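What follows is a structure written as structure tokens; I'll ask about it next.
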Amino acid sequence: MTPLSTPLIYAHRGASFDHHEMSREAYLAAVEQGADGFETDLRLTKDGVIVCWHDDDMKRVADCDLVIADSTLAEIRAAYPILTLADLLEIALRFKKHLALETKHPVPTRGAVERELLKSLHTYQSQISEAGICVSIMSFSWLAVARLRSSHWNTVYLIPYRWVAFFNPGRSIGPSVDTLAKLHQTKMSHRKIFTWTANSEEEILLCRKHGANVMMTDRPAFARSILESA
């Protein structure tokens, strides 16, 4: 059995239990709630800007019919105050919060989001180093993670099922909470574990029990209280 450890707490899309996901308010609230880092999803707009957004369209969150890949940043921001990657980086650097950046796939531009992401991180590299924050790039796409293999950033292959762990191209592994409990430690040896998404007391304690290095949660303050009282 893996020894008990205290995972770092990453705010999943910010403190999204209390605020609109991936909004400025959600990330600033995550700071107040004691999160160690931020998690976000990344997509590319029609004019090549990386934005923090999960879905391919804006219907669920913004009640808007715009599709991210088919719309410019100006069009999107006319409908909703979306954050760009640059916006999130500025917040993370100011408060010295680690980052887990998930590139979404499939998308029409395929690997362009990873290429643009690496360019952006290169621009901020000295500031990231000076702030002492860790940046990880994640995806459910095997090809996306494989494309990043030669970069010096930590890469996390997100896996919903335990059998996928055998084919992990990343430096780290990203099992769901349910999958974490089913994985044998030999499949995860020498890899950091980024687990998603732990919101209940049972899930939070399971992450600790099974040696997760990073635990993503919508409820950073609640997760902190559970870990500190355990």
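Note the listed values [x] 46, 22, 14; [y] 23, 20, 18; [z] 27, 20, 17, then indicate which one is semi-axes √(5λ) of the Cα gyration tensor in Å calculated from this particular structure.
[z]
Something else now. What size of dipole, in debye to the nearest 20, comes out for the range 8-229 about its Cα centre when the only charges are +1 on Lys and Arg C-beta atoms and -1 on Asp and Glu C-beta atoms?
Magnitude of the dipole: close to 1020 debye.
Taking the 0 to 90 degree range and rounding to the nearest ten, how far is the long axis of helix 85-95 tilted relative to the main principal axis of the chain, both from C-alpha atoms?
50 degrees
Students often get this wrong: which residues of the range 87-125 have the backbone nitrogen under 20 Å from the point 7 angstrom along Cα-to-C-beta of Tyr161?
What the label zone holds, given the 20 Å backbone N cut-off, is 105-106.
Using a 10 angstrom cutoff on alpha carbons, build the Gaussian network for the chain and name the most mobile of Ala100, Ala198, Ala86.
Judging by the Gaussian network model, the answer is Ala86.
Using alpha carbons only, how many degrees (0 to 90, rounded to 10) separate the axis of helix 112-123 from the longest principal axis of the chain?
Once rounded, one gets 80 degrees.
Need the list of lysines near Lys182 for cross-linking: C-alpha distance under 19 angstrom, and skip anything on the same chain fewer than eight residues off.
Within the straight-line cut-off, Lys182 pairs with Lys192, Lys209.
Taking R0 as 35 Å, what FRET efficiency do you get between Ala79 and Glu228 from their Cβ-Cβ distance, rounded to the nearest 0.05?
That gives a FRET efficiency of 0.30.
Hey, what number do you get for the chain at 222 nm if only DSSP H runs of n ≥ 4 count, each worth -39500 (n - 2.57), divided across all residues, to the nearest 500?
-9000 deg cm²/dmol
In nm, give the distance between the simple-model label positions of Glu32 and Ser126, each being 7 Å from the Cα along the Cα-to-Cβ direction.
3.5 nm
Restrict the search to the range 62-132; then list the GluC sites (Glu not before Pro) that DSSP places in a loop and that have at most 16 other Cβ atoms within 10 Å of their Cβ.
Passing sites in the range 62-132 do not exist.
May I pose another question? Excluding same-chain pairs closer than 8 in sequence, count the lysine pairs in the range 52-147 whose Cα atoms lie under 24 Å apart.
Eligible lysine pairs with Cα atoms under 24 Å apart amount to 4.
Since every read-out is calculated from the coordinates, none of them should be taken as a lab result. Since the structure is predicted, the reported quantities are computational estimates derived from the model, not experimental observations. Methodologically, a virtual Cβ is constructed for each residue, glycine included, from the backbone with ideal geometry; neighbour enumeration extends over all protein chains shown.
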